[in-house]
1. Being surrounded by fewer than 18 Cβ atoms within 10 Å (Cβ to Cβ) and closer than 13 Å to SER281 by Cα is the filter here, so list the residues in the range 233-249 that pass it.
2. Restricting the first residue to the range 157-168 and requiring it to be in contact (Cβ under 8 Å) with a residue 40 or more places away in the chain, which pairs with a second residue that is open to solvent by 70 Å² or more (accessible area, probe 1.4 Å) and not in a loop (DSSP other than H, G, I, E, B) meet a Cβ separation below 8 Å and a spacing of at least six or different chains?
3. Taking into account only those residues within the range 71-107 that are open to solvent by less than 10 Å² (accessible area, probe 1.4 Å) and β-branched (Val, Ile, Thr), which is nearest to the ligand (Cβ to nearest atom)?
4. Considering each of ALA68, ALA49 in turn, give the residue that is over 18 Å from GLY102 (Cα atoms), open to solvent by less than 70 Å² (accessible area, probe 1.4 Å) and either more than 9 Å from the ligand (Cβ to nearest atom) or under 25 Å from the mean Cα position of the chain (by Cα) (or both).
5. Under 6 Å by Cβ, and 6 or more places apart or on different chains, what pairs join a residue from the range 68-83 that is farther than 15 Å from PRO121 by Cβ with one that is assigned to a loop (DSSP other than H, G, I, E, B) and open to solvent by less than 20 Å² (accessible area, probe 1.4 Å)?
6. Which of the numbered conditions does GLY233 fail, given that it passes all the others? Conditions: (1) in contact with a Lys or Arg (Cβ under 7 Å, 6 or more places away or on another chain); (2) not in a loop (DSSP other than H, G, I, E, B).
7. Being under 22 Å from ALA189 (Cβ atoms) and either open to solvent by 80 Å² or more (accessible area, probe 1.4 Å) or at pLDDT below 95 (or both), is that true of even one residue in the range 288-299?
8. Filter the range 1-43 for residues that are without any contact (Cβ under 8 Å) to a residue 60 or more places away in the chain, assigned to a loop (DSSP other than H, G, I, E, B), within 15 Å of the ligand (Cβ to nearest atom) and open to solvent by 10 Å² or more (accessible area, probe 1.4 Å) and give the result.
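The values are calculated or read from the model by the stated rules, or taken from the named source; none is laboratory data. Everything quoted here is computed from the prediction, not taken from an experiment. Heads up, the Cβs are rebuilt from the backbone with ideal geometry, glycines too, and the neighbour counts pull from every protein chain shown. Remember, those area values only see protein heavy atoms, side chains included, never the ligands or the DNA or RNA. Shrake-Rupley method; radii C 1.70, N 1.55, O 1.52, S 1.80 Å.
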Amino acid sequence: MVTKVGFIGLGAMGLPMASNLQRKGFDLNVFDLDPARIDRLAELGARRASSIAEAARGADIVVTMLPATPHVESVVLGPDGVLAHIDRTAVLMDMSTIDANGTDRVAKACADIGVAFTDCPVGRLVLHAERGESLFMVGADDATFERVKPLLDAMGTAIHRCGPAGMGSRMKLVNNFMLLTVAEVCAEAITLGSKLGLDVETMRDVTGATTAQNGQFHTLMVNKVLKGDTQPGFTIDLAFKDLTLAMTAAAEQRIGLPVGAAAHAVLGGARATPFASQDYSALLDLACERAGIAPPRLRGDA
Ligand code: NAD
């Protein structure tokens, strides 16, 4: 039997995601505050819902793809929202990027009325959503995951199980913390290089061939500290020296590097501790020490 999907939120991401579901044979009933977005899906053959209630009623799976926590809470928990109308046998799949506490509140409200729930935020860009090549970070129990998996297969190419409900949202915020701070570091590095007279092609080519290119987690840390190896390598003392070179050059050029300054302060503080002579990947252990947690290690490694 064809799965009936109520899809709410047809924005930059929701529109291409829902379009892929429609093209791949799901029975869609779609709603957005903007009627022009509904028209785009109707042109592909989707049914038009005139309200949240109408999109939710009779669906096997209700998908929400909305901007932020207040939108999701109002659409799902509001007096005429999804949970007031959804079948008790249906699944609610929230694919928005929202506060994990908001996800927990929605998950609890679903559990209270016996509706299955999964948080499934989306990675990658609009262009990937258009091609059906999105990545999903799924928080769900096994039974709920099996029910939504055909939809995920129709919209994307990479599915990551992150744990029970709530863990998808938590993975997403960690992912975006990393990508956004790295984006700022890239912006600061390119600015510093430009001030020092380097052309951007040279910076692209050199940093693309060293561990500056997202190598800190995936090349450095997975091969050193995450295996329990903090032998240098490249010591934190030397890393401080190098970052000081960059910060001094920036000061000479009269430019500020805010994220660089924060990293410099962390490395500077580490030099008074035994971490100074360890590999700089041990910044992870230092951060965990500050957080009062045991540092993680890759499974199966000493
Ligand atoms: P968007 O603002 O383009 O779209 C949101 C849609 O929700 C709009 O069409 C809006 O009309 C609709 N909407 C808002 N309130 C509504 C309501 N009460 N009822 C019905 N429809 C309502 O946002 P987007 O870029 O599609 O992002 C959606 C989510 O996905 C966000 O949480 C975002 O952080 C996340 N995300 C975005 C991207 C991206 O590249 N744009 C990538 C990954 C994840």
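1. PHE234, ASP237, LEU238
2. Partner pairs satisfying both residue conditions: none exist.
3. Filtering first and then ranking leaves VAL72.
4. Unique residue meeting the criteria: ALA49.
5. Taking only residues 6 or more apart or on different chains, the pairs are VAL75/GLY81.
6. (2)
7. Restricting attention to the range 288-299, the residues satisfying the condition of being under 22 Å from ALA189 (Cβ atoms) are none.
Taking every residue of the range 288-299 in turn, none turns out to be under 22 Å from ALA189 (Cβ atoms) and either open to solvent by 80 Å² or more (accessible area, probe 1.4 Å) or at pLDDT below 95 (or both).
8. GLY11, ASP32, LEU33, ASP34
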